[in-house]
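The values are calculated or read from the model by the stated rules, or taken from the named source; none is laboratory data. Bear in mind that the values here come from a model prediction, so they are computed numbers and not experimental data. Ideal geometry is used to build each Cβ from the backbone, glycine not excepted, and the neighbour counts take in all protein chains shown. Calculation scope for accessible area: heavy atoms of the full protein, side chains included, ligands and nucleic acids excluded. Shrake-Rupley method; radii C 1.70, N 1.55, O 1.52, S 1.80 Å.
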Amino acid sequence: MNPVLVVHGGAWNIPYDLTEKHRKGCKEAVLVGWEILINGGTALDAVEAAVKSMEDNPVFDAGKGSVLNMEGEIEMDALIMDGKTLSFGAVAAVKNIKHPVSLARLVMERSKHNFIVGEGALKFARKNGVEECKTGDLIVERERKRLFEIRKEGNRIESLFQSRKDTVGAIALDSSRNIAVATSTGGIPNKFPSRVGDTPLIGCGAYADNEIGAAAATGHGEDLMKVTLAKTAIYFLKKTKNPQKAAEKVINYLERRVNGHGGIIVLDMKGRIGVAYNTPRMAYGYKTVKEEKFFV
Ligand code: GLY
């Protein structure tokens with residue numbers, strides 16, 4: 001089986017002057033994950049590495065560069081899922097961790113549970129030797145300014161700025177024909193403390209099943225959750241056997257049913273890719289043995 005890797009860096013109103021940074025960030029993430037896949041590594045390792053690369057890149061709303069909640073804190077959510085076993089690990093509202101996606105993987109592989117949140121997630125991280133960082137290490141000036149503007153201007157600016165939803169995600173198919181997916185986000189700006197969006201919720205932010213394919217979502221979590229976007233994409237994929245149609249159908253459904261906005265990447269077990277979004281822009285890219293392409 002020839003490997004395939006597809007990533008996204010969020011679907012939202014990405015300002016034109018940031019498009020190149022988003023494209024570059026997607027490319028860097030794809031190349032890190034691809035190196036693993038092309039050397040016979042697993043889909044799980046590839047999606048974790050690709051998402052870590054985007055968590056390290058301050059341009060994205062994940063890890064360093066995450067948006068701030070209404071108290072000026074960073075709380076992050078992440079999910080990883082193995083399509084072979086349907087095992088998954090997730091963390092939510094977690095602070096002071098550089099790579100929430102790796103913590104989610106530890107939850108999957110080293111705990112008896114699937115999903116650990118908040119203080120407990122931090123305790124679990126400590127117990128497993130995960131290095132903590134200071135909130136200040138994750139905050140970037142752009143997000144301090146954004147929160148300041150939201151506080152100053154109130155709801156009018158809030159709605160304007162809340163068009164920023166930069167969740168990152170990756171799907172990989174490896175040479176052993178296993179599929180995996182991972183997502184990570186800082187959520188939405190000025191969110192209530194401990195608010196959790198779609199990103200770490202299985203079936204909402206992502207889903208992977210070796211019998212069908214995988215999907216990773218981005219957009220306004222409150223709406224994406226209502227239609228379990230990723231699992232609905234998998235349902236459409238099973239029905240249509242066409243990843244592009246599945247992606248388009250699920251985004252149409254999101255808009256028609258709950259007036260929701262966002263985007264999705266879909267990959268089937270033949271390595272065929274589907275992408276759809278109903279926001280002004282979406283950052284995404286992919287690599288196969290034949291080609292690599294990046295879009296914003
Ligand atoms: N999709 C990211 C969030 O709403 O938290």
Query - Listing of helices (runs of 4 or more DSSP H) fully contained in segment 206-271 that carry 3 or more residues being within 16 Å of the ligand (Cβ to nearest atom) and within 17 Å of the chain's Cα centre (by Cα) - result: 221-226, 229-240
Report summary line: Residues in segment 150-190 that are more than 14 Å from Ala50 (Cα to Cα) and at pLDDT below 95 total 20
Query raised in the report: Which one is nearest to Glu119 (Cα to Cα) among residues in segment 189-203 that are in a loop (DSSP other than H, G, I, E, B) and open to solvent by 10 Å² or more (accessible area, probe 1.4 Å)?
Result: Ser194
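State whether one or more residues within segment 74-86 are open to solvent by less than 70 Å² (accessible area, probe 1.4 Å), more than 14 Å from the chain's Cα centre (by Cα) and without any contact (Cβ under 8 Å) to a residue 24 or more places away in the chain.
For segment 74-86, residues open to solvent by less than 70 Å² (accessible area, probe 1.4 Å), more than 14 Å from the chain's Cα centre (by Cα) and without any contact (Cβ under 8 Å) to a residue 24 or more places away in the chain: absent.
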Requested in this report: Exactly one condition in (1) assigned to a loop (DSSP other than H, G, I, E, B); (2) open to solvent by 20 Å² or more (accessible area, probe 1.4 Å); (3) touching a helix residue (DSSP H, G or I) at 6+ places or on another chain (Cβ under 6 Å) is not met by Glu48; state its number.
Outcome: (1)
Query raised in the report: If you scan segment 165-188, which residues turn out to be near the ligand (Cβ under 10 Å from one of its atoms) and either open to solvent by 10 Å² or more (accessible area, probe 1.4 Å) or in a loop (DSSP other than H, G, I, E, B) (or both)?
Result: Lys165, Asp166, Thr167, Gly186, Gly187, Ile188
Report summary line: Of the residues in segment 258-287, those that are in contact (Cβ under 8 Å) with a residue 40 or more places away in the chain, of a type in the set (Gly, Ala, Ser) and more than 15 Å from Tyr207 (Cα to Cα) number 5
Query raised in the report: Yes or no: Ala233 open to solvent by less than 30 Å² (accessible area, probe 1.4 Å), closer than 19 Å to Lys84 by Cα and among the small types (Gly, Ala, Ser)?
Result: yes
Report summary line: Ala125 meets each of (1) open to solvent by 70 Å² or more (accessible area, probe 1.4 Å); (2) assigned to a helix (DSSP H, G or I) with one exception, condition (1)
Report summary line: Output for Cβ contacts, cut-off 7 Å, separation at least six or different chains, first residue under 13 Å from Asp77 (Cβ atoms) in segment 192-209, second among the aromatic types (Phe, Trp, Tyr) and near the ligand (Cβ under 10 Å from one of its atoms), reads none
